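Down below is the structure, laid out as structure tokens.
The values are calculated or read from the model by the stated rules, or taken from the named source; none is laboratory data. Note that this is a predicted model, so its numbers are computed, not measured. Neighbour counts run over all protein chains shown; Cβ positions are idealised from the backbone, glycine included. Heavy atoms of the whole protein, side chains included, go into the accessibility calculation; ligands, DNA and RNA do not. Shrake-Rupley method; radii C 1.70, N 1.55, O 1.52, S 1.80 Å.
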Amino acid sequence: MNDRSPLQSLADGNWFKLICGASFQDVALIRNLTLAYSLAGADCIDVAADKAVITAALEGMVVAGRQPWLMVSVNDGEDPHFRKAHFNARLCPPHCPRPCEKICPALAIDEKGVIEDRCYGCGRCIPICPLNLIEAEPRRASIQEILPWIETGALKAVEIHTQIGHEEDFLRLWKILAPSAENLGLLAISCQDGPGLMGYLKFLLETIQFLPCPLIWQTDGRPMSGDIGKGTTHPAIKMAQKVLSRDLPGFVQLAGGTNAHTVRKLKEMGLLKRENERGIAGVAYGSYARSLLMPILQQLPPDDPFLENHPQHLRASVKLASELVHQIKNLDI
Ligand code: SF4
Ligand code: SF4
């Protein structure tokens, strides 16, 4: 197994991050995903800013006997990653063919409505309801909740999700986080593309100047879509090229639409970072990485959902996870 430090992976251009989901709170699944991807060689596990979720991820790492960096995601304002769908199931007609349930990649909809912990806010169910019953409720991650975890060193990294035009919101959030930044191993800033992107990133750089730890720019191409198909990977690559062309300080890492085609595409385009050169330092995988293991993890019995208690399922999960991790690590399975 490749077990160099996460920072070395960034420097070498082979950083792999698993995104469990900024709103995803299914602790049993998070524990198992963390275990499988930690054993597969992930550098970082990114989770929701929630005590139960952080605890589950840390437990997964303890079982793995390996400690990728734990990152939590927070938002400075409204953001698609921080929302939950909901609807009143009593209003659903009995003859409805339930397209919402069929389209949900997280199996978060049943006859009672949305299973809140499982919903990660992808939004796919919302337009598909013929009666427009489904709505999204925005969430705000609690930055105060995570500060003690940063102080103890359990949390190595924080990711701030921001949007072009959120200057005041970002400043407000940064004022709270900045005093703890000296205890961080890494800060990531996740933003989507749009008019005024580079001016906004420059504003962010000025705001966080004298940052005492390394910085990642996460180019969030097409959020929460990597499991949909091959082409979803392109917007993140395009945005990363734009950020790289301006030579901003910090590492550049893809997310949002990344999947099994991403690394091959980056290699074809010669965009992956090599030692001491500019280039894409790594890739973060969310919905694709989770969907990959779902068929196995769903088979675990509810009365014993710990992956390590089911060696055959553990082996199969780690094998699949390794195939994805090793794409960027350039290792043979
Ligand atoms: S489709 Fe997406 S937004 Fe709707 S319930 Fe499932 S995870 Fe939540
Ligand atoms: S598609 Fe709409 S009406 Fe049908 S089950 Fe889902 S929420 Fe209810």
Restricting to the stretch 171-196, and then to whatever is over 21 Å from CYS44 (Cβ atoms) and among the small types (Gly, Ala, Ser), can you tell me which residue is least open to solvent (accessible area, probe 1.4 Å)?
GLY194
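Does the stretch 157-166 hold any residues that are touching an Asp or Glu at 6+ places or on another chain (Cβ under 9 Å) and not in a strand (DSSP E or B), and which are they?
THR162, GLN163, ILE164, HIS166
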Quick one: which of ASP169, ASP193 is of a type outside the set (Val, Ile, Thr), outside any helix (DSSP H, G or I) and under 30 Å from ILE208 (Cβ atoms)?
ASP193
From GLU168, GLU137, GLU159, grab the single residue that is touching a residue at least 12 places away in the same chain (Cβ under 8 Å), of a type in the set (Asp, Glu) and open to solvent by 20 Å² or more (accessible area, probe 1.4 Å).
GLU137
Testing ASN75 on (1) away from ligand 2 (no atom under 16 Å from the Cβ); (2) out of contact with any Cys (no Cβ under 7 Å at 6 or more places or on another chain); (3) open to solvent by 20 Å² or more (accessible area, probe 1.4 Å), one condition comes back false. Which one is that?
(3)
Considering only the stretch 90-130, how many residues are of a type in the set (Lys, Arg) and in contact with a helix residue (DSSP H, G or I) (Cβ under 6 Å, 6 or more places away or on another chain)?
2
Single residue of LEU155, LEU91 found to be more than 15 Å from ligand 1 (Cβ to nearest atom) and closer than 23 Å to PRO68 by Cβ:
LEU155
Out of all the residues in the stretch 94-130, which are open to solvent by 80 Å² or more (accessible area, probe 1.4 Å), within 12 Å of ligand 1 (Cβ to nearest atom) and more than 24 Å from ALA28 (Cα to Cα)?
PRO127
